[in-house]
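Step one of this worksheet: look at the structure below.
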Amino acid sequence: MRHLARLADYCSITNMHTKNLAIVWAPNLLRSKQIESACFSGTAAFMEVRIQSVVVEFILNHVDVLFSSKLSSVIRDGAGVCL
């Protein structure tokens, strides 16, 4: 994900900003067996991929926070867990 976020930094040259990268990579990063099965119609599959691309775009836009060592240590230590 960090690599894709770095690629987005060069969007002025490549025109591959986070939205474009998300559209291209979401079906591979968030693969769904339901979409691949025959029971999904074209419209339903399109909506599922659209949701996946929104999720990947969000992750790419917030990669520094989501994959920071500080957040990882908070999760690992169990701090911030509310029950």
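In the range 30-62, the qualifying residues are those that are in a loop (DSSP other than H, G, I, E, B) and of a type outside the set (S, T, Y), and the one that is modelled with the lowest pLDDT is A38. Tally time: how many residues in the range 15-33 are over 12 Å from V55 (Cα atoms) and of a type in the set (D, E, K, R)? Total satisfying the criteria: 2.
Of all residue pairs spaced 6 or more apart or on separate chains, those with beta-carbon atoms under 7 Å, a first member in the range 11-23 that is closer than 17 Å to N61 by Cβ and without any contact (Cβ under 8 Å) to a residue 12 or more places away in the chain and a second member that is open to solvent by 60 Å² or more (accessible area, probe 1.4 Å) and outside any helix (DSSP H, G or I) are C11/H17.
Counting only residues that are closer than 17 Å to V56 by Cα and exposed (fewer than 14 other Cβ atoms within 10 Å of the Cβ), the range 1-10 holds 4 of them.
The values are calculated or read from the model by the stated rules, or taken from the named source; none is laboratory data. In this text the structure is predicted, and so the values were computed from the model without any measurement. Note that we place each Cβ from the backbone using ideal geometry, even for glycine, and neighbour counts take in every protein chain shown. Note: accessible area is taken over every heavy atom of the protein model, side chains too, but ligands, DNA and RNA are not part of it. Shrake-Rupley method; radii C 1.70, N 1.55, O 1.52, S 1.80 Å.
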